[in-house]
1. With no solvent and one equal point scatterer placed on each C-alpha of region 289-334, evaluate the Debye formula and give log10 I(q)/I(0) for q = 0.17, 0.22, 0.24, 0.32 Å⁻¹, two decimals.
2. Restricting to the chain, what percent of DSSP beta bridges are antiparallel, rounded to 5?
3. Could you check the simple spin-label distance between Ala317 and Glu123, using points 7 Å along Cα→Cβ, in nm with one decimal?
4. Here are some pairs, Lys68/Lys246; Lys227/Lys279; Lys68/Lys271; which of them have Cα atoms lying more than 29 Å apart in this structure?
5. State the extension gain, in nm to one decimal, for the chain segment bounded by Ser19 and Lys227, taking 0.36 nm per residue of separation less the distance between their alpha-carbons.
6. In Å, what is the Rg of the alpha-carbon atoms in the chain, and how long is Dmax?
7. Please report the carbon-and-sulfur percent of the accessible area for the chain; probe 1.4 Å, protein heavy atoms only, DNA, RNA and ligands left out.
8. Using a 1.4 Å probe on the protein heavy atoms only, what accessible surface does Phe334 show? Give it in Å² to the nearest 10.
Amino acid sequence: PAPVDATIQAGRMAALLPSLPLETRCPPLPLRRYNGFWLPEAVLTELPAIHARLRPRPSDIFLASFPKSGTTWLKALAFATVHRARHPPSGADHPLRRMNPHECVRFMEMDPELRRDASSLLEEFEELDSPRVLGTHLPYCLLPDSIAGEAAGSRIMYVCRNPKDAFVSGLFFVKKVSSAYGAGAGAGAQSLSLEEAFELFCEGRLFAGPQWKHVLQYWEASMRRPKQVLFLEYERMLRDPKATVKKLAEFMGCGFSKEEEEGGVVDEIVKLCSLKELKNMEVNKSGGNQAGVRNEAYFRKGSSGDWRNHLTPEMAARLDKIVEDALQGSGFAF
Ligand code: A3P
């Protein structure tokens, strides 16, 4: 990827923003293209503050993903694993039984309720006990140098998903949540056809798109800095969640002891964070945030290959070709 300035200044961003290519067809938020990625204006506006003020600690764990790729699951798994001493996964009062995973692990670049700016989010992060776990949908090239630079000590776990499934998952999600973000945008989402949304996805014109470029940058980073960046695949996680939890724990520097494994702690974490379990928790059935996004929107089928029920073979072949062409010679393939 093209190198970007390590420090993005607020004044420069404010001056630049109106001149960046704009996309308004992708609800619920207007997007601008910056350094090859389409991001909400609200996120780009906050980027300079994040770059200037985020003070990463070596123990920090950042959970990165392209939207609709398993973020919620990864947040639950990482949170439950890293805090298992304080919050035993079998405990009736585990935070994941009373809070949605996105409340347990916040996104660093944006308040899902769109009420607070980055500065107040960052103040909140300063108060968290170590090890902190934070989420991000930012592409690797837009992460602060303090996280992504060669000398950075904190760790990043990235989850990638088949682009066709990420697309289908995103379409269902956008239709469910967009009314929460304003009547105009909501109406746009409701009327957006599958074909129109697919066109936008193929052009990379949606939140954090193009998806394959997002994935590729993290994959390359994981090759370059394997101790700092762990690359996970949603489909593999589904096949073997237990091995995934052990891998996450090792990477985060809190591997399971023999006693823990024999005592079933890994199985308890897998169970606590399973789609079935989380989906049926009262907080995820009836809760939501103040912007009106219902927690249940984050839990749908949780399978691999659902795209077959929604895309025609022609659509699938077209997206496959776009992705293959873009990844050619990179060493990475889905
Ligand atoms: P589907 O819409 O295909 O069902 P994200 O968390 O990045 O928004 O991704 C959402 C996708 O992850 C949705 O996929 C959702 O069902 C799935 N998901 C959410 N929680 C999960 C869990 N605990 N285990 C497996 N998949 C989960």
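1. Scattering profile of region 289-334, log10 relative to I(0): -0.73, -0.84, -0.88, -1.09.
2. Around 30 percent antiparallel, to the nearest 5.
3. Between Ala317 and Glu123, the simple spin-label model gives 5.7 nm.
4. Beyond 29 Å between Cα atoms: Lys227/Lys279.
5. Difference between extended and current length: 71.0 nm.
6. Every Cα atom of the chain included, Rg and Dmax give 19.1, 59 Å.
7. 52 percent
8. 100 Å²
The values are calculated or read from the model by the stated rules, or taken from the named source; none is laboratory data. These figures come from a predicted structure and were not determined experimentally. Note that each Cβ is placed from the backbone with ideal geometry, even for glycine, and that neighbours are counted across all protein chains shown. Please note that ligands, DNA and RNA were not included when accessible areas were found on the heavy atoms of the full protein model with its side chains. Shrake-Rupley method; radii C 1.70, N 1.55, O 1.52, S 1.80 Å.
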